[in-house]
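Everything on this sheet refers to the single structure shown next.
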């Protein structure tokens, strides 16, 4: 049920990440001054995430934030592979901790510089589940046919015949009988689910975990949805 | 332009040629101009079922290769003036057929006839694909038996994706289900798939149910399509099919096992 006035969406943004190699604020300030002078307009109000991974001693987070803002950057939050305690400490101060989509390998170090500016990296907000759009197929999926909803959920308005295959990176909904094979979460989406009005499938699979017909005896012929609990497939009736 | 109807199935031996012959003849008896084409190059048998095997001079491949005209190859049926057969080659290869040359022949025939019935070979290879490519309608012949239903489902997928209508994004081929060799007694005993079972799996409109009948073998051997055997169940059922194809609403017969009355049980039958 959508809220009338607002909507949360997961979106990727490109953000600049400032990797700190020292805690010496004076050194950081000096190097930042040089950098910003090269292109002041470019750096004005730019959103910055500060990576503190390389700093071993305890960080004065407040001081770093204020230093960043001295240069008119927009401070977004801290990042880097650090301990849970550090993370909660950061949160208590009222600052964000941001996760990267992947581990960025250290850029080649410039010995004389204490700070390093990395090329912008994509930062994906982790708070919302990855939402897929639906690929809708009207009509029967006949024996020998194969449908693949790449990067989408798959909705079939009709039945899936024995000998047919329906595959989706997201969920699979069959408004009809599922008699063929259904493979959901094909690219590793553990939370993918399979829904159908009549379970008579040859094979169902979620993120590689599969059942053959013999494992479906409990709800065979019923309207069900199938999902993973831990790494075990479970089927539950829809009605 | 003619209505091009392909009689196909996927599975072999389910009654495509029997049905092509019966339906083609039935349509002609109702006053339509009909040609039945045998697409089973190398394994021709439409001419046997129609009883004209001794009159084959030129065949489909001869016409394609320009070795004979259509008029030389077409065999007029002795029973009905408006019915002709285009027999297949027995000695040649089906590689002689391709979309362009088949299309030309069908176009020429389309101007001469009201109905073109294409008797497809079994399978899903080139021969079957060629027979269904230009179809406007398809009669999917199915036995109430698991492998036949599976193969019919496969051929339905092909009709929806590999036909000319599908490739050009035109209105899809009109699909009809013809259930042949149906035995209501065995259905009631739970041995055989019922009409409802097959309809549930295939989900296409039912055109007709032809009961299992000894009349079919007699008809084949005599070269007289079974629709001419007006006493037999099969003959009557094919007549109903023809009427439905021509737009009439006909109730389905021969779906229930006959309950034998006390006299027929006492006096045999």
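The values are calculated or read from the model by the stated rules, or taken from the named source; none is laboratory data. Everything quoted here is computed from the prediction, not taken from an experiment. Using ideal geometry, Cβ is built from the backbone for each residue, glycine included, and neighbour counts are taken over all protein chains shown.
Considering only segment B:112-135, state which residues are touching a residue at least 24 places away in the same chain (Cβ under 8 Å) and in a loop (DSSP other than H, G, I, E, B).
B:112, B:113, B:114, B:120, B:121, B:122, B:123, B:124, B:134, B:135
Across segment B:169-205, what is the total count of residues that are touching a helix residue (DSSP H, G or I) at 6+ places or on another chain (Cβ under 7 Å) and without any contact (Cβ under 8 Å) to a residue 40 or more places away in the chain?
Number of matching residues: 5.
What is the number of the single condition among (1) modelled with pLDDT of 60 or more; (2) closer than 30 Å to residue A:191 by Cα; (3) surrounded by 13 or more Cβ atoms within 10 Å (Cβ to Cβ); (4) more than 14 Å from chain B (Cβ to nearest Cβ) that residue A:124 does not meet?
Here residue A:124 meets the rest and fails (1).
This table checks each residue for (1) assigned to a loop (DSSP other than H, G, I, E, B); (2) touching a strand residue (DSSP E or B) at 6+ places or on another chain (Cβ under 8 Å); (3) within 13 Å of chain B (Cβ to nearest Cβ); (4) under 21 Å from residue B:154 (Cβ atoms).
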{"position": "A:147", "(1), (2), (3), (4)": "no, yes, yes, yes"}
{"position": "A:173", "(1), (2), (3), (4)": "no, yes, no, no"}
{"position": "A:182", "(1), (2), (3), (4)": "no, yes, no, yes"}
{"position": "A:187", "(1), (2), (3), (4)": "yes, no, no, no"}
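Report the residue count in segment A:189-200 for those that are within 14 Å of another protein chain (Cβ to nearest Cβ) and outside any strand (DSSP E or B).
Residues meeting the conditions: 1.
Suppose we keep only residues that are in a helix (DSSP H, G or I) and touching a residue at least 24 places away in the same chain (Cβ under 8 Å) within segment B:206-228. Which one would you say is nearest to the other protein chains (Cβ to nearest Cβ)?
Out of the qualifying residues, it is B:216.
Could you give every pair whose Cβ atoms fall below 7 Å, whose first residue belongs to segment B:86-105 and is surrounded by fewer than 19 Cβ atoms within 10 Å (Cβ to Cβ), and whose second residue is in a loop (DSSP other than H, G, I, E, B), counting only separations of at least 6 or pairs across chains?
B:90/B:42; B:90/B:44; B:92/B:41; B:93/B:41; B:93/B:42; B:96/B:65; B:103/B:134
Taking segment B:136-145 on its own, how many of its residues are assigned to a strand (DSSP E or B) and surrounded by fewer than 24 Cβ atoms within 10 Å (Cβ to Cβ)?
Final tally of qualifying residues: 1.
Select from segment B:146-188 the residues that are within 14 Å of another protein chain (Cβ to nearest Cβ), in contact with a strand residue (DSSP E or B) (Cβ under 8 Å, 6 or more places away or on another chain) and not in a helix (DSSP H, G or I) and list them in ascending order.
Selection gives B:173, B:175, B:177.
If you check residue B:203 against the conditions, is it within 12 Å of another protein chain (Cβ to nearest Cβ) and on the phi > 0 side of the Ramachandran plot?
Answer is yes for this residue.
Looking at residue A:100 and the list (1) buried (at least 17 other Cβ atoms within 10 Å of the Cβ); (2) more than 30 Å from residue A:65 (Cβ to Cβ); (3) modelled with pLDDT under 95; (4) more than 14 Å from chain B (Cβ to nearest Cβ), which single condition is not satisfied?
Here residue A:100 clears every test but (2).
Please give the helices (runs of 4 or more DSSP H) falling wholly within segment A:15-80 in which 3 or more residues are in contact with a helix residue (DSSP H, G or I) (Cβ under 9 Å, 6 or more places away or on another chain).
Passing ranges, in order: A:25-38, A:61-70.
So which of B:26, B:13 ends up being surrounded by fewer than 24 Cβ atoms within 10 Å (Cβ to Cβ) and closer than 24 Å to residue B:181 by Cβ?
That would be B:13, the only listed residue that is surrounded by fewer than 24 Cβ atoms within 10 Å (Cβ to Cβ) and closer than 24 Å to residue B:181 by Cβ.
Restricting to segment A:201-219, count the residues that are touching a helix residue (DSSP H, G or I) at 6+ places or on another chain (Cβ under 8 Å) and either touching a residue at least 60 places away in the same chain (Cβ under 8 Å) or outside any strand (DSSP E or B) (or both).
Matching residues across segment A:201-219 total 2.
How many residues does segment A:21-54 contain that are over 27 Å from the mean Cα position of the chain (by Cα) and surrounded by 12 or more Cβ atoms within 10 Å (Cβ to Cβ)?
Count: 14.
Would you check if residue B:135 is touching a helix residue (DSSP H, G or I) at 6+ places or on another chain (Cβ under 9 Å), at pLDDT 95 or above and within 14 Å of chain A (Cβ to nearest Cβ)?
Spelling it out, it is not the case that residue B:135 is touching a helix residue (DSSP H, G or I) at 6+ places or on another chain (Cβ under 9 Å), at pLDDT 95 or above and within 14 Å of chain A (Cβ to nearest Cβ).
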